[in-house]
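Just below is one structure, and these are the notes that go with it.
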Amino acid sequence: MKKLIAKVFRDNTKLICDVGEIGGLFTDSTSLESFLQKTVEMIAQHMNSQVCSIYLYNEEQRDLTLSATKGLNQEHIGQLRLKLGEGLTGLALKELRVIEERCASQNPNFKCVENLGEEQYESFLAVPIFRGATKIGAIVIQNKNKAYFSANDEQALRAITSQLANTIEMTRLFMSINEQKKPSTDKTVAFDSKFLKGQVGSPGFAFAQAIVLENDLLRLEEKVSQSKRVYSLAEFQKALRTTEIQLEFFQKNVEEKLSDVASLIFSAQILMLKDQSFYQSIVKLVEQGMNPPKAIMVIVDDYVQKFQKIDNAYLREKSQDVRDIGRRLVSNLLGDSEDLGKYNQCIVISREMLPSEVLKLSSQRIKGLVLLSGGTTSHVSILAQSLQIPLIIVDEPKLINLPELTSVLMDAQEGNIYIDPSKDIKHTYEEKEKLRERASHSKGKIKGCTRSRDGLRIQLMANINLLGDLQYARDVKADGIGLYRTEFPFIVRSDFPSEEEQYVIYQRLTEGMKGKEITFRTLDIGGDKVLSYFESHVKENNPFLGMRSIRFSLRHEEIFSQQIRAILRAGYKSDLRIMFPMISSIDEFVSARNIVDKCLKQLKDLNIKHHSQPKIGMMIELPAVVQIMEELALEADFFSIGTNDFIQYMLAVDRTNEKVSDLYLPEHPAILRALKIIVSTANKHQKDISICGDMAHQKQFLSYFLGVGIKKLSLNPAYIPEVQEVIESININEAEEQSRKLLTVSKLSEMKKMIINKG
């Protein structure tokens, strides 16, 4: 192939780069790394550029690694990783387009990496390396002089990448085959990022040492193997009793704080300690001459393996309880108090987590939680919000290999995670946290009555997940409870709570909001809210479209009736409303209401005090409801639009699936138009209607809601102060005019300009 000479290039680059030259570089190189390094040096020389870097893309991890550089800090080679779309380089590869910046630091997508040394280089040119639709990496050149690169330079770099693409791709393939023969011996190298961007599951701020939950048992095994002391059977028995006392103490403490959801969450562990089979298995090994710490680990591992093979999901999940028992027993035996309290004031990292596990960790005062899977609207996220535990969900599997007690800073307002943050980053976030704390003190200034700028009364109701949320709802002067999620006492237990257990919880709720309206949503399980102790005979392929919410309640009438009776009894003398979730037809609503009527008759016949005339309403979450709103308005006393599920089902987007999260669009014209139809119909029939779900606190939609006739919002009490402030700035006439304009828009791009920018 002829040399590429420069009439398309800047005259002073003198770029002479052909296949032969690149082939020579590869032949002379001993590895992919040395080949890439020689390549960047060659390009930097030919392009007369102060910096040249190559980033290679990993399809499995969906990130780019700095693989060679001339001009930047060499220590970052193999260490610096960018997620696809992160920074200007990641964006160039994600969108498969050239990015040229004359003053790179001014671009909002510019990512400043500490100690990389690129801040001084303002001129920036990134060209993606790809073959067909296959992403391979990116080449970046930089220069200190602003506006240094020209269109000719862009063409030159494009020519180089087209020649490099096949060579790099094939070389990387051969290297990866060879690497499979050489297993890694150092796990800590597997994680080398300094910054991760995730989704906020529960807002807050935390700076602490991190512990990876899954690695605890492995670390304990190492500690046991290194221990030279031989322990006696009596010492093991003492450790057993000490562990039992500790767990009973945890259980008592957590029940005092979270009586509604903490029923016997440590029961499985306490029962296992009392189980003679478990105890005797360890004793038998000790009597055969095995050191007690080792005997504990052997039996614990055996039980873990057995639990994980069980078909029953609830029992499978108990393998984590077994691990925790092993850790506590061995720590007590070794006298390692530091290990016992290791979660205290730490950030915990885990692949996934059950609500009951979140409760256990909260009782040990963790500072934050990082999960590698799950959705921001999952019940683990909602529970973390109520427990005020900062939570970030991040798609980074290698984070599981983070070395123990690495310092981590979580900004769970923005979704940022910093690994071993610098002093500057720590200082910046400490200042931000001080500002947030000062802002939280402003709740005392909240007005007891929310009105628009021109005086329209708007009710701000609180969404309650746990009884602990009640105090905050009172602090922010919520007008009542717009939604009490009754499923939490079901989700975290090992069996269905009885009518009496539910009654005690519900009664505390009604007593905590005396004189104010209280809406109980009946059991809403299924989809992402699974009862691990209750399995249907057939596994559902599409749980979000399966046996969930009101469908479950109607199919299991006795369970439903127990809940309704408990609500009616607890709601005696209160402003009680009962709301059915996921109603899809008039028949479903009437069937559910008939069960309430049966329960009313049962309580009356038994002469048990109860609320005799509760208002009966429904959540609007399914598109089918839009077309039958007129008829439903004749049946229901009130409506609440559950925007999270409504958007999910309208747009066919799983709201817990990070891969399609960018398609979950509250501003979609179909969503806003459907909401208008629903609200107008309810208002025409003079039926109370509210907005519930995440849209209720999103500032950019508040004017639209008021403009289409919404006068009640139901939201997390933490958002009430800022939502009240926004509402007080809205003029209803102006809001109505704006909503009319929005309803004429059909394109998402136009809608975003009109509404999203208002946030």
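Classify the stretch 621-721 as rounded, prolate or oblate, taking a ≥ b ≥ c as the square roots of the eigenvalues of its Cα gyration tensor: rounded when a/c is under 1.5, otherwise prolate if a/b is larger than b/c and oblate if not. In terms of gyration-tensor shape, oblate.
Fully extending the segment from Glu750 to Arg241 would add 176.6 nm, taking 0.36 nm per residue of separation and subtracting the current Cα-Cα distance. Under 19 Å from the 7 Å Cα→Cβ point of Asn115, by amide nitrogen: which residues of the stretch 400-423? Answer for the stretch 400-423: 402-409, 417-423. Ellipsoid semi-axes for the stretch 446-758, based on the Cα gyration tensor and the rule √(5λ), read 31, 23, 18 Å when sorted largest first.
Near Cys103: Cβ cut-off under 14 Å, other residues only, Lys/Arg at +1 and Asp/Glu at -1. The net charge is -2.
On the basis of the beta-carbon distance and an R0 of 22 Å, Ile586 and Gln686 show a calculated FRET efficiency of 0.70. The order of the peptides 732-744, 701-713 by mean Cβ neighbours within 10 Å, most packed first, is 701-713, 732-744. Peptides 276-286, 398-408, 458-468 ranked from most to least packed, by the mean per-residue count of other Cβ atoms within 10 Å: 458-468, 398-408, 276-286. Filter Lys477/Lys573; Lys398/Lys752; Lys516/Lys687 down to the pairs with a C-alpha to C-alpha distance above 29 Å, please. Flagged as over cut-off: Lys398/Lys752. Say the cut-off is 27 Å between C-alpha atoms; which of Lys94/Lys146; Lys514/Lys604; Lys447/Lys741; Lys252/Lys306; Lys367/Lys711 go over it? Result: Lys447/Lys741; Lys252/Lys306; Lys367/Lys711 exceed 27 Å.
Once the C-beta distance of Ser105 and Leu606 is scaled by a Förster radius of 60 Å, the resulting FRET efficiency is 0.20 to the nearest 0.05. Is any residue of the stretch 381-408 close enough, with backbone N under 16 Å, to a label point placed 7 angstrom from the Cα of Lys426 along the Cα-Cβ axis, and if so, which? Only 405-408 pass the distance filter.
Read the figures in this text as sums done on the coordinates, not as results from a lab. Computed from a predicted structure; not experimentally measured. Note: ideal-geometry Cβ built from the backbone for every residue, glycine included; neighbour counts use all protein chains shown.
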